[in-house]
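> Got a structure for you, written out below as C-alpha cells; questions coming shortly.
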Amino acid sequence: MILAADRGLHVTGLTRVFTTRDGTVRKAVDDVDLTVRPGELVSVLGPNGAGKTTTVRMLTGLLLPTSGTVLLDGHDVVKDRKKASLACGFSLGGDTGLYPRLTARQNLTFFGLMYGLRGGALEGKADQLLRTVNLADRAGDPVGSFSRGMKQRLHLARALLHDPAVLILDEPSAGLDPQSAAAMRALVAELSAEGRSILLTTHDMREAEELSDRIVLMRDGRIHAESTASALRLAAAERLGHTVRIDFAEAEVPDGVGDCPGLLDEQRTGSTAILRATDGPAAVQWLLARFPGRTLSVAVTPPTLEEVFLEMVAVS
Ligand SMILES: Nc1ncnc2c1ncn2[C@@H]1O[C@H](COP(=O)(O)OP(=O)(O)OP(=O)(O)O)[C@@H](O)[C@H]1O
C-alpha cells in the first residue's frame, strides 16, 4: 500500500557527476530536492546547461544518479524500477521513442502491450488517447509523416497509456506553433486537474506562469529559487523595483514626475509615463498626492517572470 504522503514525486539529494574524456569532472545536477504532490504542476526553468535534462533523465530512470533518491508514487526509480516505471509516464519529445514506419495507433498498441494492456482494453485505451490528443483522424498514418506538433501529442498519448500518477514532460510545447502550443497547454492543465503530479521543463515563461502551481529556477545544477510565480515576482520586486504606469488626463506627462521617490528609470510617451521605482505602491501614493485629479489610471506591477529569470542568469 502506498501512503498518502508518498504519492507523487519525491526527489532527495539528487546529484549527477559526469567525467568527460579529458578527465574534467562536472556536476551537472547538484543536491536537488524536489517534491510534486498529486494534482500539483511544477515547472523547472533554467538557462541552457542548468541541468534540467539531466534531472529529467534521472527522474525517468533513463540515467543513474551519482547519488540521491527519486521516488515515484513511493517506488524508488533505481531499486524498484518496474513499479516506478508503472507509476510514471514521460514525454521527452523529439524523434526518439516512436516508430516512424508504424502508424500512430500501431505505436500506441505496441507500447500498450509493453505495459501489459491487451485486446479490447488496449484498443479502447489507444482510441481514447488518440481522441484526447486530437489525433483520431490521423490514427492510421505513419508517424514518420507527422509534423513536430503531432509527434509531441503522440508522445504525450504514449506517456498516458498506463494511466500514470506522475507525468514528466520535457519541453512539451517546444517548436509548436502558437495554436498547437495553446492546445498542448490546455491538455496539460486538464491532466493536472485529474490529480496527477506533473513536472515539466520549459523555456517558455508564459507557459510556466500559466500552468504551474510552483516554479523551480535551476542554475549550475542547483535549485536557485522555488516558489509560486507571483511570489518569485514579488520577491524580485524588492531587488529590481516595480513598474508603475501612469496615464495623465492632459496632453503631456507633467514636470515633477521625475522627483518620485525611489525612481530607478523613467520613460514618457505623450500623456503616459512608465516608471521603475524601488517601492511601487509608495510611488503611486506619492504620484496621486503630487498630481491630484490629474491622472486617468495608475497600474503597478512587479517584475515579470522573464525579468526574474534574466536576473538569475545575470548573477553568476
Ligand atoms: N553525457 C554528458 N557528459 C558530460 N557532460 C554532460 C553530459 N550530459 C550533460 N552534461 C553537462 O551537464 C550540464 C547540464 O546539462 P543539461 O543537458 O542537463 O542542461 P539543460 O538545463 O537541460 O540545458 P538545455 O536547456 O540546453 O537543454 C551541462 O554542462 C552539460 O554540458
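> Can you tell me how many residues within region 17-42 are out of contact with any Gly (no Cβ under 8 Å at 6 or more places or on another chain) and near the ligand (Cβ under 8 Å from one of its atoms)?
Initially, region 17-42 is screened for residues out of contact with any Gly (no Cβ under 8 Å at 6 or more places or on another chain), giving 17-26, 34, 41-42.
Next, only the ones that are near the ligand (Cβ under 8 Å from one of its atoms) stay: 18-20, 26.
Residues flagged as out of contact with any Gly (no Cβ under 8 Å at 6 or more places or on another chain) and near the ligand (Cβ under 8 Å from one of its atoms) within region 17-42 amount to 4.
> Just one of (1) touching a Ser or Thr at 6+ places or on another chain (Cβ under 9 Å); (2) at pLDDT below 95; (3) open to solvent by 60 Å² or more (accessible area, probe 1.4 Å); (4) of a type in the set (S, T, N, Q) trips up Thr66, so point out which.
(2)
> Among the residues of region 190-232, how many are β-branched (Val, Ile, Thr) and assigned to a loop (DSSP other than H, G, I, E, B)?
Of the residues in region 190-232, the ones β-branched (Val, Ile, Thr) are 198, 201-202, 215-216, 223, 228.
Right, trim to assigned to a loop (DSSP other than H, G, I, E, B) and you get 202, 228.
Total meeting the criteria: 2.
> Please go through (1) charged (D, E, K, R); (2) touching a Ser or Thr at 6+ places or on another chain (Cβ under 9 Å); (3) over 20 Å from Thr55 (Cα atoms) for Asp163 and return the number of the only condition it doesn't satisfy.
(2)
> In region 239-272, which residues are open to solvent by 70 Å² or more (accessible area, probe 1.4 Å) and either within 28 Å of Glu311 (Cα to Cα) or in contact (Cβ under 8 Å) with a residue 12 or more places away in the chain (or both)?
Just the residues of region 239-272 that are open to solvent by 70 Å² or more (accessible area, probe 1.4 Å), to begin with: 239, 245, 251-252, 255, 259, 264-265, 267-269.
Across region 239-272, the qualifying residues are Arg239, Arg245, Ala251, Glu252, Asp259, Leu264, Asp265, Gln267, Arg268, Thr269.
> Kindly provide the set of residues from region 209-229 that are more than 16 Å from the ligand (Cβ to nearest atom) and in contact (Cβ under 8 Å) with a residue 60 or more places away in the chain, ordered by number.
Once the filter is applied, which keeps residues that are more than 16 Å from the ligand (Cβ to nearest atom) and in contact (Cβ under 8 Å) with a residue 60 or more places away in the chain, region 209-229 yields Glu209, Leu211, Ser212, Asp213, Arg214, Ala229.
> Quick check, is Asn134 in the same structural domain as Ser192 (by the TED database), open to solvent by 60 Å² or more (accessible area, probe 1.4 Å), farther than 18 Å from Leu9 by Cβ and under 19 Å from the mean Cα position of the chain (by Cα)?
On the way: in the same structural domain as Ser192 (by the TED database): yes; open to solvent by 60 Å² or more (accessible area, probe 1.4 Å): yes; farther than 18 Å from Leu9 by Cβ: yes; under 19 Å from the mean Cα position of the chain (by Cα): no.
The answer is no for Asn134.
> A follow-up question, please. Being farther than 14 Å from Val298 by Cβ and not charged (D, E, K, R) is the filter here; which residues of region 231-253 pass it? Reasoning before the result, please.
So in region 231-253, the residues farther than 14 Å from Val298 by Cβ come out as 231-241, 250-252.
Scanning region 231-253 gives Ala231, Leu232, Leu234, Ala235, Ala236, Ala237, Leu240, Gly241, Ala251.
> Looking only at region 1-29, count how many residues are among the hydroxyl-bearing types (Ser, Thr, Tyr), without any contact (Cβ under 8 Å) to a residue 40 or more places away in the chain and part of a strand (DSSP E or B). Outline the logic, then answer.
To start, the set of residues in region 1-29 that are among the hydroxyl-bearing types (Ser, Thr, Tyr) comprises 12, 15, 19-20, 24.
Now narrow it down to the ones that are without any contact (Cβ under 8 Å) to a residue 40 or more places away in the chain: 19-20, 24.
Filter once more, so that each one left must be part of a strand (DSSP E or B): 19.
Qualifying residue count for the region: 1.
> Do you know which residues across region 43-62 are within 7 Å of the ligand (Cβ to nearest atom), modelled with pLDDT of 95 or more and of a type in the set (Ser, Thr, Tyr)?
Within region 43-62, Thr54, Thr55 meet the criteria.
> Quick one: would you say Arg158 is in contact (Cβ under 8 Å) with a residue 40 or more places away in the chain, crowded, with 19+ Cβ neighbours inside 10 Å and within 22 Å of the chain's Cα centre (by Cα)?
Numbers: in contact (Cβ under 8 Å) with a residue 40 or more places away in the chain: yes; crowded, with 19+ Cβ neighbours inside 10 Å: yes; within 22 Å of the chain's Cα centre (by Cα): yes.
When the stated conditions are applied, Arg158 passes them.
> Would you please list the contacts, defined by Cβ atoms under 9 Å and residues six or more apart or on different chains, that run from a residue in region 30-53 that is in contact (Cβ under 8 Å) with a residue 60 or more places away in the chain to a residue that is outside any loop (DSSP other than H, G, I, E, B) and of a type in the set (Phe, Trp, Tyr)?
Listed pairs, sorted by first residue: Leu45/Phe309; Gly46/Phe309; Pro47/Phe309.
> For the subset of region 22-34 comprising residues that are surrounded by fewer than 17 Cβ atoms within 10 Å (Cβ to Cβ) and of a type outside the set (A, V, I, L, M, F, W, C), which member is nearest to Thr54 (Cα to Cα)?
Lys27
> Name the single residue that is nearest to Leu71 (Cα to Cα) among those in region 192-207 being away from the ligand (no atom under 16 Å from the Cβ) and touching a strand residue (DSSP E or B) at 6+ places or on another chain (Cβ under 6 Å).
Residues of region 192-207 that are away from the ligand (no atom under 16 Å from the Cβ), as a first pass: 192-198, 206.
Filter once more, keeping what is touching a strand residue (DSSP E or B) at 6+ places or on another chain (Cβ under 6 Å): 192, 196-198.
On the way: Ser192: 19, Arg196: 15, Ser197: 12, Ile198: 14 Å.
It comes out as Ser197.
> Would you point out the residue of region 212-269, among those that are more than 24 Å from the chain's Cα centre (by Cα) and of a type in the set (Val, Ile, Thr), that is nearest to Pro65 (Cα to Cα)?
Here the residue is Thr243.
The values are calculated or read from the model by the stated rules, or taken from the named source; none is laboratory data. Note that the coordinates shown come from a computational prediction; the quantities given were computed from them, not determined experimentally. Every residue, glycine among them, receives a Cβ derived from its backbone with ideal geometry; neighbour counts consider all protein chains shown. Accessible surface areas use protein heavy atoms only, side chains included; no ligands, DNA or RNA. Shrake-Rupley method; radii C 1.70, N 1.55, O 1.52, S 1.80 Å.
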